[in-house]
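> Once you've had a glance at the structure underneath, I'll fire off some questions.
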Amino acid sequence: MHDDDKRLAAEAAVAEIRDSMLVGIGTGSTVAFAIRAIAARLGDLRRCVFFSTSIATDQEARDAGIPIGRFALASRLDLTIDGADEIDPGLRVIKGAGGALLREKIVAEASDRMVVIADGSKRAERLGAAALPVEVLPFARSFVAARLAALGAEPVLRMAEEGAWRSDQGNIILDCHFVSFPDPGDLAVQLQAIPGVMGHGLFVREVDAAYVADRGVVTKMERNPD
Ligand code: 5RP
């Protein structure tokens, strides 16, 4: 059921891609459906250049026959399609359960339009049920954890079998639950101001639209122009 909804949301977003666009591809199981949908349209999208947000997506895209450009040489993209862990009615989003939040934030910020795709389980009236991932320079681990606790978070070091989980950049992740989730805009500013925080999974203004599918029905949410 969730997989059908992920696929439907992904296909609706991929329909936004026009030939010649510069397109960012996010990370995760919903994005995997977008990769398949892009691969199926490659003949129509010959002049597009695609960029990925993680080593995992690089591999998945190349396996599907989608050539991936070097984001280091790109200063702006037209459109990025990515997944989400929580989406509130104001299109504020928590991302990063897959650990690609830093590259995802950079690619989203570089994009004229960012669209998230999800099944209906990702809708939330208020953010905060999902852990908020914070990517941290390993050197600053305890200092940043203390600063996060002072903001009301309970930071937990993300683990892998062989020890602390590492991002594509070699950083660690502190997954944060909050007893009471602060105002997302204020929190984003405070997190970014902590030295040693490389990025966080709170996307307050980056998301322009969301395709969310519930039991076979796709709903499009579009940010109102300010
Ligand atoms: C990875 C992400 C993912 O997009 C997010 O976790 C959603 O993943 P999925 O589609 O597998 O539920 O932010 O860093």
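> Pop out the carbon and sulfur fraction of the accessible area of the chain as a percent, whole number, probe 1.4 Å.
Working: 5610 of 10630 Å².
That share works out to 53 percent.
> Oh, and also: What number comes out for the charge environment of Met21, summing +1 per Lys or Arg and -1 per Asp or Glu over other residues with Cβ under 12 Å away? List each step's numbers first, then the result.
Numbers: positive: Arg18, Arg41, Arg46, Arg47, Arg76, Arg113; negative: Glu16, Asp19, Asp44, Asp78, Asp112.
Spelling it out: positives minus negatives among the neighbours equals +1.
> While we're here: Pick out, from Ile173, Phe139, Val207, the residue whose Cα sits farthest towards the positive end of the charge dipole of the chain, with +1 on the Cβ of Lys and Arg and -1 on the Cβ of Asp and Glu.
Phe139
> Still on this structure, I have one more. Over segment 132-199, give the accessible area per residue in Å² for a 1.4 Å probe, as an integer. It would help to have the intermediate numbers written out before the result.
Working: 3520 Å² over 68 residues.
The answer is 52 Å² per residue.
> Another question, if that's okay. Rg and Dmax in Å for the chain, alpha carbons only: what are they?
Using the Cα atoms of the chain, the pair Rg, Dmax is 17.0, 52 Å.
> Please give the charge dipole size of segment 17-137, origin at the Cα centre, charges +1 on K and R Cβ atoms and -1 on D and E Cβ atoms. Round to the nearest 20 debye. List each step's numbers first, then the result.
Working: 16 positive and 16 negative charges, 55 e Å.
It comes to approximately 260 debye.
> Still on this structure: Let me have the 222 nm mean residue ellipticity of the chain computed from DSSP H runs of 4+ only, each contributing -39500 (n - 2.57), with the sum over all residues rounded to the nearest 500. The partial results should precede the final answer.
Details: 6 runs with 64 residues, N = 226.
Only helices count here, giving -8500 deg cm²/dmol.
> Restricting to the chain, compute how many DSSP beta bridges are antiparallel as a %, nearest 5. It would help to have the intermediate numbers written out before the result.
Details: 25 of 44 bridges.
Roughly 55 percent of the DSSP beta bridges within the chain come out antiparallel.
> Please state the shape class of segment 58-178: rounded when a/c is under 1.5, otherwise prolate if a/b exceeds b/c and oblate if not, all from the C-alpha gyration tensor. Display every interim value, and only then the final one.
Working: a/c = 1.86, a/b = 1.29, b/c = 1.44.
Oblate shape, in that a/c is at least 1.5 and b/c is the bigger or equal ratio.
> Please work out the Cα center distance from segment 106-159 to segment 39-74, rounded to the nearest Å.
26 Å
> Also, I was wondering about something else. So how strong a dipole does the chain carry about its Cα centre when Lys and Arg Cβ are +1 and Asp and Glu Cβ are -1, to the nearest 20 debye?
Details: 26 positive and 33 negative charges, 82 e Å.
Its charge dipole is roughly 400 debye.
> Any idea what angle helix 141-150 forms with the longest principal axis of the chain, computed on alpha-carbon atoms, 0 to 90 degrees, nearest 10?
80 degrees
> Skipping prolines and chain starts, which residues have an amide H placed within reach, meaning under 5 Å, of the one on Asp119, given they are 5 or more residues away or on another chain?
Close amide H contacts, sequence-distant or interchain: Ala213.
> With every protein chain left in place, what is the accessible area per residue of segment 1-110 in square angstrom, probe 1.4 Å?
Details: 4730 Å² over 110 residues.
Roughly 43 Å² per residue, with all protein chains present.
> Additional query: Starting from 0 in steps of 10 Å, tell me what percent of the Cα-Cα pairs of segment 132-199 lands in each bin.
22, 57, 20, 2
The values are calculated or read from the model by the stated rules, or taken from the named source; none is laboratory data. Small disclaimer: the values here were computed from a predicted structure and weren't measured. So basically every Cβ, Gly included, is an ideal-geometry build from the backbone, and we count neighbours across all protein chains shown. To get the accessible areas, we keep the full protein, side chains included, count just its heavy atoms, and leave off ligands, DNA and RNA. Shrake-Rupley method; radii C 1.70, N 1.55, O 1.52, S 1.80 Å.
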